[in-house]
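Here is the structure we will look at.
The values are calculated or read from the model by the stated rules, or taken from the named source; none is laboratory data. Predicted model only: the values in this text are computed from it and were never measured. Neighbour counts are summed over all protein chains in view; Cβ atoms, including those assigned to glycine, are modelled from backbone coordinates with ideal geometry. Accessible surface areas use protein heavy atoms only, side chains included; no ligands, DNA or RNA. Shrake-Rupley method; radii C 1.70, N 1.55, O 1.52, S 1.80 Å.
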Amino acid sequence: MCRNENGFVYPLTFIIILAVLFLLTIQLEQYLSEKRLFGEAETILKQEYYLLSSVKKTENVLNKQKEYDISGSYYYKHGHVSYSTSPLATTLYQITFKAKIGSNSVITAYAYYDTDLKKVIKWIEKN
């Protein structure tokens, strides 16, 4: 029986090739999943940075001006943020920010500016 090995090498080779292909498929799927996750995380961090920068710039503009009903846009390398203000009370204004990066959906954030304190007292993001 040991000397008759006809047909033994083919099934063994086939099983080894299938095992290698299975492992490569798992590794490729993991790589693609991590790449997608990295891209999404990068976009979210850009949105956060653009919104925070816009809040700071708008706060500086409101500190320098006496007129609080303003609107405008800030343009960045990979997107833009538009803002508009509206009064809520005599000393409180709501600033609405809308950020758009690339072809992603628009992210909305609200900041509340107090004219007595001359600073943003609250900042809320909505998706």
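A search for C-beta distances below 6 Å between a residue of the range 31-58 that is under 30 Å from K119 (Cα atoms) and any residue that is among the hydroxyl-bearing types (S, T, Y) and not in a helix (DSSP H, G or I), counting only pairs 6+ apart in sequence or on different chains, returns Y50/Y76; S54/Y74; T58/Y83. Of all residues in the range 102-126, those that are under 29 Å from K66 (Cβ atoms) have Cβ atoms under 6 Å from Cβ atoms of residues that are small (G, A, S), 6 or more apart or on another chain, in V120/A111; W123/A111; E125/A109. When restricted to residues that are more than 24 Å from the chain's Cα centre (by Cα) and of a type in the set (F, W, Y), the range 74-127 contains 2. In the condition set (1) under 30 Å from K119 (Cβ atoms); (2) more than 16 Å from the chain's Cα centre (by Cα), F14 is compliant with all but (1). Screening the candidates K57, K35, K77 for the property of being of a type outside the set (V, I, T), open to solvent by 50 Å² or more (accessible area, probe 1.4 Å) and not in a helix (DSSP H, G or I) yields one hit, K77.
With respect to the conditions (1) over 18 Å from E125 (Cα atoms); (2) open to solvent by 90 Å² or more (accessible area, probe 1.4 Å); (3) among the hydrophobic types (A, V, I, L, M, F, W, C), A89 lacks only one, and its number is (2). I95 falls short on exactly one of the conditions (1) in contact (Cβ under 8 Å) with a residue 40 or more places away in the chain; (2) part of a helix (DSSP H, G or I); (3) in contact with a strand residue (DSSP E or B) (Cβ under 7 Å, 6 or more places away or on another chain), and that condition is (2). Taking the listed residues E48, E42, the one that is among the acidic types (D, E) and within 30 Å of P87 (Cβ to Cβ) is E48, with no other qualifying.
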